[in-house]
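Student: Starting off with a structure, shown below.
The values are calculated or read from the model by the stated rules, or taken from the named source; none is laboratory data. Computed from a predicted structure; not experimentally measured. Quick reminder, even Gly has a Cβ in these numbers, built from the backbone with ideal geometry, and neighbours come from all protein chains shown. Just so you know, the surface numbers come from the protein's heavy atoms only, side chains and all, with ligands and any DNA or RNA stripped out. Shrake-Rupley method; radii C 1.70, N 1.55, O 1.52, S 1.80 Å.
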Amino acid sequence: MLTLPFIRANQETTIAGLQKKHFANAAEIVAKLIAQDDQRKALLQQAESALEKSNAAAKEIGALMQSGQKELAEGKRSETAALKSTIKEREEAAKLAEKAMLDLLVMLPNLPHSSVPQGKTAEDNEITFTWGSVPTLAADAQPHWDLIKKYNLVDFETGAKITGSGFPLYIGKGAKFQRALIQYFLDFNTAAGYTEYLPPFMVNAASAFATGQLPDKEGQMYHATEDDFYLIPTAEVPVTNVF
């Protein structure tokens with residue numbers, strides 16, 4: 001997540017990075033964030049100044065009461081009450097300004113690396129390195145979607161009827177292959193020294209916020225409204241929150 005100190009110190013870099021990600025009104029939003037932060041700081045300074053005056057007036061009241069100047073002391077009490085009201089107003093306004101600033105700040109994406117090219121489609125990408133070699137397929141090679149049907153590995157139609165598009169039903173060797181792949185990757189990575197976790201598949205709003213899914217993906221995540229839990233898109237969300 002971008003921070004206000006970074007944005008302040010790198011305004012042009014921030015705007016250029018946001019524009020590279022095609023983030024709308026980047027310059028306007030950066031200016032608005034800084035203005036909101038300036039407003040917050042000014043309100044807090046006003047509250048602090050009023051507090052100093054209130055503390056000074058309180059000392060004067062004590063001295064006036066000791067010297068028998070009750071009328072002057074009562075006048076100072078009225079002044080103190082007005083200052084306390086000012087302090088409360090400024091602090092509440094500062095909190096509202098801070099909330100507005102944070103609500104806007106969390107919507108900003110992280111900036112791309114300086115090496116990332118400007119572009120809108122895959123054709124604008126640049127190849128930085130390649131690995132391995134492209135295999136030469138036999139003339140009778142079949143695409144995976146044909147092999148799936150031939151060996152009855154995945155039933156997309158039934159999966160769509162059970163749930164909806166994008167929810168395949170794996171069958172027989174297709175299901176076994178999925179399970180074998182999961183086990184292989186777990187064994188491979190734990191052998192390399194990683195620790196295996198089986199985290200909850202649902203998280204609370206605070207956990208989803210911590211990894212940036214909220215508020216950016218609000219309305220795009222499956223939400224159990226009764227408990228206010230969100231179904232995770234990947235293990236990134238609960239595992240990141242562990243640390």
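Student: Just to be sure, is LEU96 modelled with pLDDT of 85 or more, open to solvent by less than 80 Å² (accessible area, probe 1.4 Å) and hydrophobic (A, V, I, L, M, F, W, C)? Spell out how you get there, then give the answer.
Tutor: Numbers: modelled with pLDDT of 85 or more: yes; open to solvent by less than 80 Å² (accessible area, probe 1.4 Å): no; hydrophobic (A, V, I, L, M, F, W, C): yes.
Answer is no for this residue.
So that you can scan it fast, the table gives a plain yes or no per residue for (1) at pLDDT below 90; (2) under 28 Å from PRO117 (Cβ atoms); (3) under 22 Å from the mean Cα position of the chain (by Cα); (4) not β-branched (Val, Ile, Thr):
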{"site": "THR14", "(1), (2), (3), (4)": "no, yes, yes, no"}
{"site": "LYS20", "(1), (2), (3), (4)": "no, yes, yes, yes"}
{"site": "ALA24", "(1), (2), (3), (4)": "yes, yes, yes, yes"}
{"site": "ALA31", "(1), (2), (3), (4)": "no, yes, yes, yes"}
{"site": "ASN55", "(1), (2), (3), (4)": "yes, no, no, yes"}
{"site": "LYS59", "(1), (2), (3), (4)": "yes, no, no, yes"}
{"site": "LEU72", "(1), (2), (3), (4)": "yes, no, no, yes"}
{"site": "GLU79", "(1), (2), (3), (4)": "yes, no, no, yes"}
{"site": "LYS84", "(1), (2), (3), (4)": "yes, no, no, yes"}
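Student: Which residue out of LEU181, LEU169 is hydrophobic (A, V, I, L, M, F, W, C) and touching a helix residue (DSSP H, G or I) at 6+ places or on another chain (Cβ under 6 Å)? So that I can check it myself, show each step before the final result.
Tutor: Working: LEU181 fails: touching a helix residue (DSSP H, G or I) at 6+ places or on another chain (Cβ under 6 Å).
One residue alone meets the criteria, LEU169.
Student: Considering region 189-219 alone, what residues qualify as being exposed (fewer than 10 other Cβ atoms within 10 Å of the Cβ) and of a type outside the set (Gly, Ala, Ser)?
Tutor: Within region 189-219, THR195, GLU196, TYR197, LEU198 qualify.
Student: Checking LEU198 against (1) part of a loop (DSSP other than H, G, I, E, B); (2) in contact with a Lys or Arg (Cβ under 7 Å, 6 or more places away or on another chain), which single condition isn't satisfied?
Tutor: (2)
Student: Of everything in region 108-148 that's among the charged types (D, E, K, R) and under 39 Å from the mean Cα position of the chain (by Cα), which residue is least open to solvent (accessible area, probe 1.4 Å)? If you could, list the steps in order and put the result at the bottom.
Tutor: First, pick out the residues of region 108-148 that are among the charged types (D, E, K, R): 120, 123-124, 126, 140, 146.
Applying the additional criterion that residues be under 39 Å from the mean Cα position of the chain (by Cα) yields 120, 123-124, 126.
Numbers: LYS120: 173, GLU123: 154, ASP124: 65, GLU126: 125 Å².
Top of the filtered list is ASP124.
Student: Given (1) open to solvent by 70 Å² or more (accessible area, probe 1.4 Å); (2) more than 34 Å from the chain's Cα centre (by Cα); (3) not small (Gly, Ala, Ser), where does PHE167 come up short, assuming only one miss?
Tutor: Of the numbered conditions (1) open to solvent by 70 Å² or more (accessible area, probe 1.4 Å); (2) more than 34 Å from the chain's Cα centre (by Cα); (3) not small (Gly, Ala, Ser), the odd one out for PHE167 is (2).
Student: Out of all the residues in region 171-195, which are in a loop (DSSP other than H, G, I, E, B) and either among the aliphatic types (A, V, I, L, M) or without any contact (Cβ under 8 Å) to a residue 12 or more places away in the chain (or both)? If you could, list the steps in order and put the result at the bottom.
Tutor: Taking region 171-195 as the starting set, the residues that turn out to be in a loop (DSSP other than H, G, I, E, B) are 171-172, 192-195.
Hits for region 171-195 are ILE171, ALA192, GLY193, TYR194, THR195.
Student: Next up: Looking only at region 8-54, how many residues end up being under 30 Å from ASP124 (Cβ atoms), touching a residue at least 60 places away in the same chain (Cβ under 8 Å) and buried (at least 18 other Cβ atoms within 10 Å of the Cβ)?
Tutor: Just the residues of region 8-54 that are under 30 Å from ASP124 (Cβ atoms), to begin with: 9-33.
Still in the running and touching a residue at least 60 places away in the same chain (Cβ under 8 Å): 13-14, 17-18, 20-23, 29, 32-33.
This time we only want the ones that are buried (at least 18 other Cβ atoms within 10 Å of the Cβ), so: 14, 17-18, 29, 33.
Of the residues in that region, 5 qualify.
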